[in-house]
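Working notes for the structure below.
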Amino acid sequence: METKPNFISRLNWRQILIHFVAFCFFIYAFQTLVFLYDTKIVDIIRQKGDQDIDTALTNNGTDASDLVWFTFLLSTSGLIGLLVAFIISLIVSLKRKWFWLNPLICLFITYFLYRFNFLGWTYLKKIFWMPGKIFHSTTLEFLISGLILLAIGIFCLFLPKVHRFIVLKIKAV
């Protein structure tokens with residue numbers, strides 16, 4: 001049984017912070033990439049705005065079940081991204097012999113902030129979706145933006161400089 005000071009000393013706030021950032025990028029990468037499932041619905045909604053979407057969807061061969069399934073995928077994709085990021089983070093932590101509780105703490109913090117919409121995605125997506133807006137194709141737009149978000153998340157978990165930052169010990173002066 002571990003003693004309390006040893007248990008607390010194994011918590012690594014740098015790892016939790018870096019993996020939190022990675023978790024966020026995974027969440028929003030998955031949410032961005034899910035738009036590729038049915039770009040026809042995305043294009044219809046973009047073209048019509050708020051006016052008469054029901055008629056536009058029906059005229060383009062999209063029924064209610066397609067819209068419900070698309071909405072379901074959109075609402076669950078962030079959680080799937082979070083779980084994938086957590087599994088990768090846990091594997092990285094165990095492989096590098098870091099404390100397994102760090103990714104678990106990160107999971108709970110990220111889930112809580114994501115669940116109550118405190119991650120600021122409403123504002124950040126304008127920045128992170130900008131590279132994809134260069135393309136005039138909905139597919140390329142979301143593919144490029146999603147892959148950039150995913151790449152940043154992966155870099156946060158695997159770059160050697162990030163690894164060195166996490167394990168860096170501040171020497172007492």
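The values are calculated or read from the model by the stated rules, or taken from the named source; none is laboratory data. Quantities reported herein were computed from a predicted structural model and do not represent experimental measurements. Every residue, glycine among them, receives a Cβ derived from its backbone with ideal geometry; neighbour counts consider all protein chains shown. Heads up: the accessible areas ignore ligands, DNA and RNA and are worked out on the full protein's heavy atoms, side chains in. Shrake-Rupley method; radii C 1.70, N 1.55, O 1.52, S 1.80 Å.
Counting only residues that are within 18 Å of L159 (Cβ to Cβ) and touching a residue at least 12 places away in the same chain (Cβ under 8 Å), which one in segment 91-111 is nearest to the chain's Cα centre (by Cα)?
So in segment 91-111, the residues within 18 Å of L159 (Cβ to Cβ) come out as 91-93, 95-96, 98, 102-103, 106.
Remaining after also requiring touching a residue at least 12 places away in the same chain (Cβ under 8 Å): 92-93, 96, 98, 102-103, 106.
On the way: V92: 17, S93: 19, R96: 23, W98: 23, N102: 18, P103: 15, C106: 13 Å.
So the residue we want is C106.
Just checking, which of I16, I27, I45 is out of contact with any Gly (no Cβ under 6 Å at 6 or more places or on another chain) and touching a residue at least 40 places away in the same chain (Cβ under 8 Å)? Lay out the reasoning, then the answer.
Numbers: I27 fails: out of contact with any Gly (no Cβ under 6 Å at 6 or more places or on another chain); I45 fails: touching a residue at least 40 places away in the same chain (Cβ under 8 Å).
Result of the check over I16, I27, I45: I16.
Of the residues in segment 44-83, how many are farther than 21 Å from T110 by Cβ and among the hydroxyl-bearing types (S, T, Y)? Break it down stepwise before answering.
Of all residues in segment 44-83, those farther than 21 Å from T110 by Cβ come to 44-72.
Imposing the further condition that a residue be among the hydroxyl-bearing types (S, T, Y) reduces the set to 55, 58, 62, 65, 71.
Summing the residues that are farther than 21 Å from T110 by Cβ and among the hydroxyl-bearing types (S, T, Y) in segment 44-83 gives 5.
Can you list the helices (runs of 4 or more DSSP H) lying wholly within segment 83-159 that have 3 or more residues being surrounded by 15 or more Cβ atoms within 10 Å (Cβ to Cβ) and modelled with pLDDT of 95 or more? Reasoning before the result, please.
Details: elements: 101-115, 121-128, 138-158.
Helices (runs of 4 or more DSSP H) meeting the threshold: 101-115, 138-158.
S145 fails exactly one of the following numbered conditions: (1) touching a helix residue (DSSP H, G or I) at 6+ places or on another chain (Cβ under 9 Å); (2) more than 16 Å from F35 (Cα to Cα). What is the number of that condition?
Unmet for S145, out of (1) touching a helix residue (DSSP H, G or I) at 6+ places or on another chain (Cβ under 9 Å); (2) more than 16 Å from F35 (Cα to Cα): (2).
Which residue, of L67, L11, L57, is open to solvent by less than 70 Å² (accessible area, probe 1.4 Å), among the hydrophobic types (A, V, I, L, M, F, W, C), over 16 Å from G146 (Cβ atoms) and modelled with pLDDT under 85?
Values: L67 fails: modelled with pLDDT under 85; L11 fails: modelled with pLDDT under 85.
From the options L67, L11, L57, the qualifying one is L57.
Among the residues of segment 33-48, are any within 13 Å of the chain's Cα centre (by Cα), of a type outside the set (D, E, K, R) and either at pLDDT 85 or above or over 23 Å from T122 (Cα atoms) (or both)?
To start, the set of residues in segment 33-48 that are within 13 Å of the chain's Cα centre (by Cα) comprises 33-34.
Still in the list and also of a type outside the set (D, E, K, R): 33-34.
Adding the requirement that they be either at pLDDT 85 or above or over 23 Å from T122 (Cα atoms) (or both) leaves 33-34.
Yes, some residue in segment 33-48 is within 13 Å of the chain's Cα centre (by Cα), of a type outside the set (D, E, K, R) and either at pLDDT 85 or above or over 23 Å from T122 (Cα atoms) (or both).
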